[in-house]
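As structure tokens, the structure follows; a few thoughts come after it.
The values are calculated or read from the model by the stated rules, or taken from the named source; none is laboratory data. Because the structure is predicted, anything quoted here is derived from the model rather than measured. Backbone-built Cβ (ideal geometry, glycine too); neighbour counts: all protein chains shown.
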Amino acid sequence: MKSINRTIEHLKPSGIRKYFDLANAMEGVISLGVGEPDFDTPWHISAKAVESFEEGHTHYTANRGLIALRRQIANYYRNRYGIAYDPDSEILVTVGGSEAVDLCCRTLINPGDEVIVLDPNYVAYEPAILMAGGVPVRIPLTQEHDFKLLPEDLERAITEKTKAIIVNFPSNPTGGVMTREDYARLVPILKESGIYIISDEIYSELVFAGEFCSPASFDEIRDQVLVINGFSKAFAMTGWRLGYLLSNPELSEQLTKVHQFVIMSAPTAAQYAAIEALEHGMPDIAGMCKEYEARRNLICARLNRMGLTTNVPNGTFYVFANITSSGLSSDEFCVRLLEEQKVAIVPGTAFGESGEGFVRISYATSMEDIKEACARIDAFLKTLHND
Ligand code: PMP
């Protein structure tokens, strides 16, 4: 057989899947591994999709998405985060944030361009960069600095070849959040270098204390920023596959070309549901957010008491627990915990080298399961001390 594309051949499968495959083959496993809300989509949102079928809306939409949805997205970003985007020329509706990540990379990167990623980072970024012919350059983040991006590290990483940086706050996997003050320190460097900033804001609604801040809210760099967001996390709509990409008109036109040829238009029924989500779904978000916060408080308190030092994350539904006191590597910790106590979590190394010594625990699951999982982790640690 002829060889296939070398980049694809050498891509490593996601480090998360391995644990799901192991866990799925076992009985009685509690999974704190998943990256999606345990809540179902609120019914008033789903009902609008059903209605759209009844009304015969079973055709393609405009390439950029329904104008009514783009107007809602524009209202949402303006009212919620104070950033204005033009629904006609600056908004593109995509198949999840996932498509948006790929579109950004394919549209911006020439072969050999460097793209800065934070380490640890979301598992899809580096493959997207590589598939577009780019070279990922990692900036390690530390627990000591709450997994935030520091100006001196950014400055050091930028070279002549840097095309873009991908940031994701609130962060999967660390739960870290950058404040306005944190970003303000980066803005002069970003402006001076002229690099693009791909800001994955998919967890923007899941911030517990203080305000979410987008780098696009700084006028000086607004046109360098490509904002990725979507409906999966905020409205518990992972299965609907709907996201969006906000950028200046010139970039948006180019991004839309790629989307047009690869996707045509995002799913129509999902777009009708999304209009309802933005119009009437804000109270649902508030309810889910409150529940995540209560779970976060419980899980962090329990983990810290067990000696797994965990920064209390200010966003998402993940904690990034430091497991070095166990004496095990991240991978050993996760494999043994699964085999011995039937709790599935993900090693920090699935998100980059700097994740060694950490595990990602998702609390997008019931309080009951969290309590039982904590009891099992505690039992596991006790057996280690007796080894
Ligand atoms: N970005 C991040 C940081 C994520 O965690 C995820 C989902 N796990 C996505 C993007 C993709 O989300 P979706 O395609 O469902 O919108």
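Can you tell me which residues in the range 232-248 are crowded, with 24+ Cβ neighbours inside 10 Å and either within 9 Å of the ligand (Cβ to nearest atom) or polar (S, T, N, Q) (or both)?
LYS233, MET237, TRP240, LEU242, GLY243, SER247, listed by residue number.
Taking ALA68 as the residue in question, decide whether it is in contact with a helix residue (DSSP H, G or I) (Cβ under 8 Å, 6 or more places away or on another chain) and surrounded by fewer than 18 Cβ atoms within 10 Å (Cβ to Cβ).
yes
Just for the range 219-243: of the residues that are polar (S, T, N, Q) and part of a helix (DSSP H, G or I), which one is farthest from ASN297 (Cα to Cα)?
Within the range 219-243, the match that is farthest from ASN297 (Cα to Cα) is GLN224.
Looking at the range 112-183, what strands (runs of 3 or more DSSP E) fall wholly within it and have at least 1 residues that are within 16 Å of the chain's Cα centre (by Cα) and more than 17 Å from SER354 (Cα to Cα)?
162-167
Just give me the residues in the range 203-218 being part of a loop (DSSP other than H, G, I, E, B), surrounded by 18 or more Cβ atoms within 10 Å (Cβ to Cβ) and more than 16 Å from the ligand (Cβ to nearest atom), in sequence order.
PHE208, CYS213, PHE218
Is it true that ASP21 is among the charged types (D, E, K, R), under 21 Å from the mean Cα position of the chain (by Cα) and within 30 Å of PHE351 (Cα to Cα)?
no
Can you tell me which of (1) in contact (Cβ under 8 Å) with a residue 40 or more places away in the chain; (2) more than 27 Å from ILE116 (Cβ to Cβ); (3) not polar (S, T, N, Q) is the one ALA350 doesn't meet?
(2)
Just a yes or no: is a residue in the range 299-309 away from the ligand (no atom under 16 Å from the Cβ), touching a Phe, Trp or Tyr at 6+ places or on another chain (Cβ under 7 Å) and of a type outside the set (A, V, I, L, M)?
Checked against the condition, which is being away from the ligand (no atom under 16 Å from the Cβ), touching a Phe, Trp or Tyr at 6+ places or on another chain (Cβ under 7 Å) and of a type outside the set (A, V, I, L, M), the range 299-309 yields no hits at all.
Take GLY35 and tell me if it is within 22 Å of VAL95 (Cβ to Cβ) and within 22 Å of the chain's Cα centre (by Cα).
yes
Per-residue answers, yes or no, for (1) in a helix (DSSP H, G or I); (2) surrounded by 19 or more Cβ atoms within 10 Å (Cβ to Cβ); (3) not assigned by TED's automatic domain parsing to the domain that holds ILE370:
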position	(1), (2), (3)
GLU250	yes, no, yes
ALA266	no, yes, yes
ALA273	yes, yes, yes
ALA321	no, yes, no
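Does the range 373-384 contain any residue that is among the β-branched types (Val, Ile, Thr), touching a Leu at 6+ places or on another chain (Cβ under 9 Å) and crowded, with 19+ Cβ neighbours inside 10 Å?
yes
Are there any pairs with C-beta distances below 6 angstrom linking a residue in the range 256-272 that is on the phi < 0 side of the Ramachandran plot to a residue that is surrounded by fewer than 18 Cβ atoms within 10 Å (Cβ to Cβ) and assigned to a loop (DSSP other than H, G, I, E, B), with the two at least 6 apart or on different chains, and if so which?
Short answer, once both residue conditions are applied: THR256/ASN63; GLN260/ASN63; SER265/TYR60; SER265/ASN63; THR268/HIS57.
Filter the range 252-264 down to the residues that are farther than 16 Å from SER98 by Cα and surrounded by 20 or more Cβ atoms within 10 Å (Cβ to Cβ) and list them by number.
Answer for the range 252-264, where residues must be farther than 16 Å from SER98 by Cα and surrounded by 20 or more Cβ atoms within 10 Å (Cβ to Cβ): just SER252.
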